[in-house]
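Novice: Can you read through this structure? Questions will come right after.
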Amino acid sequence: MRIRRTLAGLAVVAAATVGAGALATAPAHAAGPSKVSVVHGIPGQPVDVYVNGAKTLNNFQPSTVAGPLDLPAGKYDIVIVKPGDPVSSPIIKVDQAAVPADANITLVAHLTADGKPTLTPFVNDVSKVAAGKARLVVRHTAAAPAVDVRAGGQPVFKNLTNPNEAKADIAAGTVSADVVLAGTTTVAIPAASLTLAEGTSTIVYAVGSAEGKTLGVVAQKIEGLHSTPGGVPSGTGGLLEQRTPWGWYALATAALIAAVGAGVVLRRRVRA
Amino acid sequence: MAALLLLALPGCSGEPAPSVGGATVSALASPAAPASGGVPVQGGALPSGAAVVAPARLEIGKLKLAARVDAVGIDAATGDFAVPPSVDEVGWYRFGPGLEATAGSIVIAGHVDSAEQGKGAFFRLRELAPGDVLKVTGSDGSVRVFTVVAREVFAKTAVPLERYFARDGVVRLTLITCGGPFDARTRHYRDNVVITAQPAAR
């Protein structure tokens, strides 16, 4: 299928992995490159990914994550084919996809709500998380209706639809989460345990097809978003200052030496 | 002559130079250059907890110190490092690297003292100097030896916490406590004393 350039509305779209040739054709910008990752969320169909005509991912497997790569801002042509197929018979094709500068982006090859292959760009929130916290992002990229995401049995994200995301910064640790059809208790994706490491963002993609009974999840992790504690308060006694007053000892010693020294000088004068 | 001696007083005070080894600490904190090569591809399995070796016991021979190490995090009320309430125990920052780490700063903080309990485990921490030996026993029973490479003193308002709570750079052990002048009104010390140690050569 051919994707309209509405993708650029999200200010995104880039390519997985660009070969040197592709990089050379990208327009030069003063701003920094973007970090671009690619998530494969179409079950049962390995693919090759071409960027600006160069094969950059070979036999890319479903439920895996490629990247991140540094891509200069610019426009990229992306073609996704069955392994070995020519670019003239694409599964997904995006022309002139815009990659902005200085962003962190994930391109997700997935199914639309009605089951057609597509490529959706998401801008990743890589702002720092508070000390002790972790970021959880859930993206609905499955051929399925609206869903609720539950953690510990309670809905945390409600009425999430394809291709949208919900996110929250929560206490780091292990949570058990499942996905139900929105407003129901009908489980779409059974409960799974996931460990949200402090200072990271865990992005969980719901992928596959409800009709095809291939619903599942793919996870992407972004590290290095940690903050420091506000400070290290570790003393309220003030005992350090009541300790041996070295300064006074030194002063007294110096005075003593000075006195003795003066005495010596006096005695010498007397002798002289 | 007396004047000469008085001028020399600051050098006779018996106090060690407050900071030593700062440049070493900066160098250790520099992240390694990323490897270049093909496009990395990872599996998309949900993340599970990695095996972490928590420090369980800290021994510092020079200070005749042997303290239990608790795994601690953030004080929810203040956002500060949750230093263990008992001054006899010290706290390992469980969100940062553990003893198994191959990069980053393993942080242990402890009280210099407390108004209620008196002297803390880290009361004499500022006496450590490059070359002194620290011994840390892990939750798995393993013992790791570290050698002090730096002692630094910063005003709390200026302490570069990013450097000490880093998860990249060379693996190192960082001990933190309070020091400097004490404000009797707020009951806080002005400074943090920071000891940096590297794994001893085997």
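Novice: Which pairs have Cβ atoms under 6 Å, sit 6 or more apart or on different chains, and link a residue in the range A:49-68 that is more than 8 Å from every other protein chain (Cβ to nearest Cβ) to one that is among the charged types (D, E, K, R)?
Specialist: A:Asn52/A:Asp77; A:Lys55/A:Asp48; A:Asn58/A:Asp48; A:Pro68/A:Lys35
Novice: Something else: Are any residues in the range A:138-162 surrounded by 21 or more Cβ atoms within 10 Å (Cβ to Cβ) and in contact (Cβ under 8 Å) with a residue 60 or more places away in the chain, and if so, which ones?
Specialist: Across the range A:138-162, the qualifying residues are A:Val138, A:Arg139, A:His140, A:Thr141, A:Ala142, A:Ala143, A:Ala144.
Novice: Further question: Looking at the range A:175-218, which of the residues that are farther than 21 Å from A:Pro117 by Cβ, open to solvent by 50 Å² or more (accessible area, probe 1.4 Å) and not hydrophobic (A, V, I, L, M, F, W, C) is nearest to the other protein chains (Cβ to nearest Cβ)?
Specialist: A:Ser193
Novice: Quickly run through the range B:156-187 and pick out the residues that are more than 11 Å from chain A (Cβ to nearest Cβ) and under 18 Å from B:His111 (Cα atoms).
Specialist: Kept after step one, since they are more than 11 Å from chain A (Cβ to nearest Cβ), are these residues of the range B:156-187: B:158, B:169-173.
Listed by number, the list holds a single entry, B:Leu173.
Novice: Among A:Val129, A:Val156, which is within 23 Å of A:Ser227 (Cβ to Cβ) and either over 17 Å from the mean Cα position of the chain (by Cα) or of a type in the set (Phe, Trp, Tyr) (or both)?
Specialist: When all the criteria are applied, what remains is A:Val156.
Novice: Still on this structure, I have one more. Can you name the residue in the range B:76-107 that is polar (S, T, N, Q) and within 11 Å of another protein chain (Cβ to nearest Cβ) and, of all such residues, is most open to solvent (accessible area, probe 1.4 Å)?
Specialist: Applying the first criterion (polar (S, T, N, Q)) to the range B:76-107 yields B:78, B:86, B:102, B:105.
Still in the running and within 11 Å of another protein chain (Cβ to nearest Cβ): B:78, B:105.
Working: B:Thr78: 82, B:Ser105: 2 Å².
So, considering only residues that are polar (S, T, N, Q) and within 11 Å of another protein chain (Cβ to nearest Cβ), the one most open to solvent (accessible area, probe 1.4 Å) is B:Thr78.
Novice: Within the bounds of the range B:76-95, is there any residue that is touching a residue at least 60 places away in the same chain (Cβ under 8 Å), hydrophobic (A, V, I, L, M, F, W, C) and in a loop (DSSP other than H, G, I, E, B)?
Specialist: Checked the range B:76-95: no residue is touching a residue at least 60 places away in the same chain (Cβ under 8 Å), hydrophobic (A, V, I, L, M, F, W, C) and in a loop (DSSP other than H, G, I, E, B).
Novice: Residue pairs, Cβ under 7 Å, 6 or more apart or interchain, first in the range B:14-43 and modelled with pLDDT of 70 or more, second open to solvent by 50 Å² or more (accessible area, probe 1.4 Å). List them.
Specialist: Filtered contacts from the range B:14-43: B:Val20/B:Pro130; B:Gly21/B:Pro130; B:Val25/B:Arg163; B:Leu28/B:Val170; B:Ala29/B:Arg163; B:Pro31/B:Asp168.
Novice: Just name the residue that is farthest from A:Val207 (Cα to Cα) out of those in the range B:46-75 that are facing another protein chain (nearest Cβ under 9 Å) and at pLDDT 95 or above. Steps first, answer last, please.
Specialist: Residues of the range B:46-75 that are facing another protein chain (nearest Cβ under 9 Å), as a first pass: B:46-50, B:73-75.
Right, trim to at pLDDT 95 or above and you get B:73-75.
Numbers: B:Gly73: 35, B:Ile74: 35, B:Asp75: 38 Å.
For the range B:46-75, the residue satisfying everything is B:Asp75.
Novice: Follow-up. Looking at the range A:230-248, is at least one residue of a type in the set (Val, Ile, Thr), at pLDDT below 95 and part of a helix (DSSP H, G or I)?
Specialist: Taking every residue of the range A:230-248 in turn, none turns out to be of a type in the set (Val, Ile, Thr), at pLDDT below 95 and part of a helix (DSSP H, G or I).
Novice: Right, here's the next one. For the range B:118-137, indicate whether the set of residues that are open to solvent by 10 Å² or more (accessible area, probe 1.4 Å), without any contact (Cβ under 8 Å) to a residue 40 or more places away in the chain and over 15 Å from B:Ile60 (Cβ atoms) is non-empty.
Specialist: Yes: the range B:118-137 contains one or more residues that are open to solvent by 10 Å² or more (accessible area, probe 1.4 Å), without any contact (Cβ under 8 Å) to a residue 40 or more places away in the chain and over 15 Å from B:Ile60 (Cβ atoms).
The values are calculated or read from the model by the stated rules, or taken from the named source; none is laboratory data. As the structure is a prediction and not an experimental result, all values here were calculated from the model. Positions of Cβ are backbone-derived with ideal geometry, glycine not excepted, and every protein chain shown enters the neighbour counts. Note: accessible area is taken over every heavy atom of the protein model, side chains too, but ligands, DNA and RNA are not part of it. Shrake-Rupley method; radii C 1.70, N 1.55, O 1.52, S 1.80 Å.
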